[in-house]
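Have a look at the structure below before the remarks.
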Amino acid sequence: MTVISRPAIERIAFLREFLRHPFTVAAVTPSSGPLADTITASVPATGSPTVVELGPGTGAFTAAVQRRLAGRGRHVAIEINERFAAPLAMRFPQVDVVVGDAAHLRDVLQRHGLGHADVIVSGLPWAAFAAERQDDLLGAVTEVLAPDGVFTTFAYTATLWAPPAVRLRRSLHARFEEVVPGRTVWANFPPALVYYCRRPRTPFSSMPV
Ligand SMILES: C[S@@+](CC[C@H](N)C(=O)[O-])C[C@H]1O[C@@H](n2cnc3c(N)ncnc32)[C@H](O)[C@@H]1O
């Protein structure tokens, strides 16, 4: 009997969902382990942080966040596609997996009794979004990110000069005082880099929980 490995099943599921929803999945294969390690390096090694993940897909970043948290803090993952969310919730019972739009981040956190996020890790396909949508989603991020929190997101290096990627960079600089690009992660298909964004410019007020 042939046994298919979980990564292979995830790659097939990912490709299938890309074919169904090309503009929300916007990638043909899940992110690699090296990109997952790079983007989740923002999760602190101590304390009890609230980590929010946007667009977890088949869970490439989810697994890395869970490894770093090692049982500490909270981990909420918001995924718009139910076909990704259902298996993710089964695989990671310690993660609060929410089927929904990342634009409703504030409501999701409130429903989970959380007033803010310390770390937000995004797997969202920014390049596939129109300007207004990008802006709404970034606004939702800065609305809940703690003043000393960190937002990480990635971009494919081959398309860094395409208009949506340029627009994303401008928006990140408009919304954060510090935006630091990491090194290219060559061991990803396609190669990508991570932006580490700190000190949101918009005033944050803790939400009643
Ligand atoms: C490029 S894939 C990344 C998946 C995974 N993080 C990875 O790196 O392998 C984008 C993911 O974002 C999800 N997504 C797209 N728009 C979303 C939204 N508005 N809210 C939540 N998830 C969204 C898609 O369904 C998909 O799972």
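Please treat every number below as a calculation from the coordinates, not as lab data. Because the structure is a prediction, the values reported are computed rather than measured. FYI the Cβ positions are ideal-geometry reconstructions off the backbone, even for glycines, and counts take in every protein chain you see.
Brief remarks follow.
- Near the amide H of Leu145, within less than 5 Å, lie the amide hydrogens of Ala117, all on another chain or at least 5 residues away, with H placed in the peptide plane.
- For the stretch 132-209, with +1 on Lys and Arg beta carbons and -1 on Asp and Glu, the positive-most of Thr184, Val150, Leu137 along the dipole: Thr184
- The length gained by stretching the chain between Glu82 and Ser48 to full extension, at 0.36 nm per residue less their Cα-Cα distance, is 9.4 nm.
- Radius, Kirkwood style, for the stretch 85-209 when every pair of distinct Cα atoms is counted (Å): 15.5 Å
- Bridge type composition, the chain - antiparallel percent by DSSP, nearest 5: 45 percent
- Entry note, the stretch 80-145: relative contact order of 35 percent, from Cα contacts under 8 Å with a spacing of 6+ residues.
- Calculated P(r) tail over 16 Å for the stretch 1-123, as whole % of Cα pairs: 60 percent
- The chain - convex hull of alpha carbons, volume per residue in Å³: 121 Å³
- Computed packing ranks the peptides 13-22, 76-85 as 76-85, 13-22, most packed first, by mean other Cβ atoms within 10 Å.
- Debye, to nearest 20: dipole size of the stretch 1-138, +1 on Lys, Arg Cβ, -1 on Asp, Glu Cβ: 480 debye
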